[in-house]
Each structure stands twice: as C-alpha cells, then as structure tokens.
1. Conditions first: (1) over 24 Å from Ile167 (Cα atoms); (2) outside any loop (DSSP other than H, G, I, E, B); (3) at pLDDT 95 or above; (4) not hydroxyl-bearing (Ser, Thr, Tyr). Lys18 passes all but one, so which condition is the exception?
2. Limited to region 11-23, what total is found for residues that are hydrophobic (A, V, I, L, M, F, W, C) and away from the ligand (no atom under 12 Å from the Cβ)?
3. Could you check Val111 against (1) away from the ligand (no atom under 16 Å from the Cβ); (2) part of a loop (DSSP other than H, G, I, E, B) and say which number it fails?
4. Determine whether Glu56 is within 16 Å of the ligand (Cβ to nearest atom) and charged (D, E, K, R).
5. (1) surrounded by 16 or more Cβ atoms within 10 Å (Cβ to Cβ); (2) within 16 Å of the ligand (Cβ to nearest atom); (3) farther than 19 Å from Ala240 by Cβ; (4) more than 16 Å from the chain's Cα centre (by Cα): which one isn't true of Gln137, the others all being true?
6. Quickly run through region 21-61 and pick out the residues that are under 21 Å from Ile96 (Cβ atoms), part of a helix (DSSP H, G or I) and of a type in the set (Gly, Ala, Ser).
7. Check off (1) modelled with pLDDT of 95 or more; (2) out of contact with any Ser or Thr (no Cβ under 9 Å at 6 or more places or on another chain); (3) away from the ligand (no atom under 16 Å from the Cβ) for Val210 and give me the number that stays unchecked.
8. Here are Glu230, Glu225: which of them is touching a residue at least 60 places away in the same chain (Cβ under 8 Å) and more than 12 Å from the ligand (Cβ to nearest atom)?
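The values are calculated or read from the model by the stated rules, or taken from the named source; none is laboratory data. Every value quoted in this text rests on a predicted model; they were computed, and no experiment measured them. When we count neighbours, we look across all protein chains shown, and the Cβ atoms used for this are built from the backbone with ideal geometry, even at glycine.
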Amino acid sequence: MNKALRAAVIAGNWKMNKTADEAKAFTEELRLILPAAEDVTVVLCAPFTALYPLAEGLKGTSVAVGAQNMHYAASGAYTGEISADMLRNLGVEYVILGHSERRAMFAEDDVLVNKKIRTALDKGLRPIVCVGETDEQREAGITDCFIAQEVIRALGGVSPEELSQVIFAYEPIWAIGTGKTATADEANRVCGEIRAVIAKLYGEEKAQTVSILYGGSMKPSNAAELLSKEHVDGGLIGGASLQVADFAALVEAAR
Ligand code: PGA
C-alpha cells in the first residue's frame, strides 16, 4: 500500500451467503469490535436481499455498503434484475462488477462489464472492477496481456475524472476460494502491471491514485505481507469476510 498516494480499501464479498437476519446480526457484532481505522475505506458487499439491513445496521459507522452486481439499464422489462437507482436508494455506494464467478457462470463478457461500469459511474456508484487470469492462462504465460485487455475494455468511455471513482481488484481465478494465494510478490507484480496499463491510458500521475486490490484467499494470516507491497492497495475478500473477527482483523492489517 502507498497510503500517501491512494486509499487503502478492505472490501468484503459475501457472495451468496447470509440472510437478511444474519446480515443484521453481523453488523451488531462488527460494531463492537471494528478497529478505528480512519485511513482505511471499509466496504461490505452483500447479496441484494441483505443490503437494507446491512445499510441500516452500519449507520453511524464508517463502513460502506456495496452490491455484487447490477443491471446496466436504468429501469424496464428485465425480470429479476436490479438497477443502480435501486441500489443507491438503499444507501449502497459500491458495486462489484466483472467478478470472475459472474464472467464464468453467468456469461458476462468485457462488453457487458463495461456497460455496467458506465452505468455505475453515471449513477454515482463506485465500481470495484475485477480482473484476473485462469490457471491455464497463467501456465501459458499470458497473464499480463489477458489482464491488460480486461483493464482496457473495462475502462472504455471512462473519463479521467471518472477514473478516480474506479477501484480495481486483481483476482487470479485459480486463487479464489481455493486456499491458494498468489505470493505477495506476484500479486504486487500484477497489480503493478494493471497500474502500468492505466498509466498508458490516463498518464502516470492519474494511475498512481487508483486503488488496486488483491483478491483470492486473502485472510488474516497472509494479509499483512500482501498489504505491505507497493501496488497492493487493499483486499477483496470472500471467505474471510464472513466471520466478524476475521473481517475486523483484515481491517486492522490495513491500518
Ligand atoms: P476468496 O474470494 O477470498 O474466498 O478467495 C475472493 C473473491 O472472490 O472476491
């Protein structure tokens, strides 16, 4: 992390876990033990059905609420979908877009992800944009060019002013939910590559201000080392965000 240049971010991604009642209970416990960390942006990204109790339960704390997906259209005949305005109305400030699980299981491609990013920015939501390579791509040695392509396509039509609202998360797919973690040096190297691509598009000075998170089996025991690296500005955390104590420990590690 380089807190002099950019915000440190700890974002939990609950995925399809926790009911509304469980979210409420989580906030009650979290309020008791969350370390004071004014210099860390803390976000919890919950299922749609848990967003309201989460937002209510976190009122008066510095923890922000995020969604894990949304539709790109403003409203209309999209059965089962959720719009940016619906999220904003609940007090949601962030939205994870382009997570590899959505790309792999719900056929989301770079074009769709870019449309969603555009809408999020238009509607005042901060997108947490996920990029990352598969095991096969890593083995083939094409990690950097694959990720560069994801970053370039994600940022299509995003102005330099809007870039300041965008957070990236480098999530090697082979490390998600597997217990395997990229080494801190490897995470740092790829986060640095992402920053280099942003620098080519927007200039070095702008690129230095973008927060780039690492995600993939980050937990209290490996967070400090990952976060000690120059280009790793925080974490997008799945499994370890489900327990209050672990999540609080991750916030502590980013202080
Ligand atoms: P994990 O998930 O921490 O459980 O590996 C990270 C993510 O998918 O965002």
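1. Answer for Lys18: the failing condition is (2).
2. Of the residues in that region, 2 qualify.
3. Only one criterion in (1) away from the ligand (no atom under 16 Å from the Cβ); (2) part of a loop (DSSP other than H, G, I, E, B) is unmet by Val111, namely (2).
4. Working: within 16 Å of the ligand (Cβ to nearest atom): no; charged (D, E, K, R): yes.
No; evaluated as a whole, the condition is false for this residue.
5. All conditions pass for Gln137, except number (2).
6. Ala23, Ala50, Ala55, Gly57
7. For Val210, the exception is condition (2).
8. Numbers: Glu225 fails: touching a residue at least 60 places away in the same chain (Cβ under 8 Å).
Just a single option satisfies the conditions, and that option is Glu230.
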